[in-house]
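Q: Pasting a structure here, questions to come.
Each reported figure results from applying straightforward, stated rules to the coordinates on display, with no laboratory input. As the structure is a computational prediction, the values presented were derived from the model and not from experiment. Cβ coordinates were reconstructed from backbone atoms using ideal geometry, including for glycine residues, and neighbour counts include every protein chain displayed.
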Amino acid sequence: MKRVPHLFCRLAALAGISLALMMSQVARADQFVSYGDYEIHYNAFNSSFLQPDIAQEYGLQRGKRRAMVNVSVLKKAPEGKAVPVSALVQGKASNLLEQTQDMPFKKIDEGNAIYYIGQFGFSDDMLMRISLSVQPDPNQPAYDLQFEQKFYAD
């Protein structure tokens, strides 16, 4: 029996919770983009959804006014299967007043899954603009993507 990575299970559950919260607001398309041979998957959620022991294990900060952005990059293989790949991930979060926070990303490599987790602070009922730069191939330019999401304090 194949072991599913611990963090992957937790993040998948968080993604489900995040998705349910987003669906209650407005139906949105899947949160991934395709660029050539790469798929960049991303989601954002309140850090308090993460269990304290998992946050501590990976050195992540939880808080009722703290959010996380999860990014993973998959490369499409010829046989149709996508495999996780490393990337250079950078990001910023800004509010409507254009107050911007840099988001350093932490790489979490579980062998068969690679995640990049960035964090930022927010005020209750705040719309945030997230800008990401993802560069899976160091010999090619980075891919840029942006999305907006409203966050609420717990």
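Q: Sort largest first and round to whole Å: the equivalent ellipsoid semi-axes of the stretch 51-154, each the square root of five times a Cα gyration tensor eigenvalue.
A: 26, 18, 11
Q: Here's a follow-up. Which distance in nm do the two modelled labels at Lys64 and Ser133 give, with both placed 7 Å along the Cα-to-Cβ direction?
A: Taking the two extended label points, one gets 3.6 nm.
Q: May I pose another question? Could you line up Leu132, Leu127, Leu88, Leu145 from fewest to most neighbouring Cβ atoms inside 10 Å?
A: Lowest to highest Cβ neighbour count: Leu127, Leu88, Leu145, Leu132.
Q: For Ala82 and Gln51 in the same chain, what is the full-extension length gain: residue separation times 0.36 nm, less their Cα-Cα distance, in nm?
A: Between Ala82 and Gln51, full extension yields 8.3 nm more.
Q: Here is a follow-up. What's the extension gain from Ala153 to Glu98 if we count 0.36 nm per residue and subtract their Cα-Cα distance?
A: 17.8 nm is the gain from fully extending Ala153 to Glu98.
Q: Continuing with this model, one more query. Put a dot 7 Å past each Cα toward the Cβ at Asp144 and Ala113; how far apart are the dots in nm?
A: Calculated label separation equals 3.1 nm.
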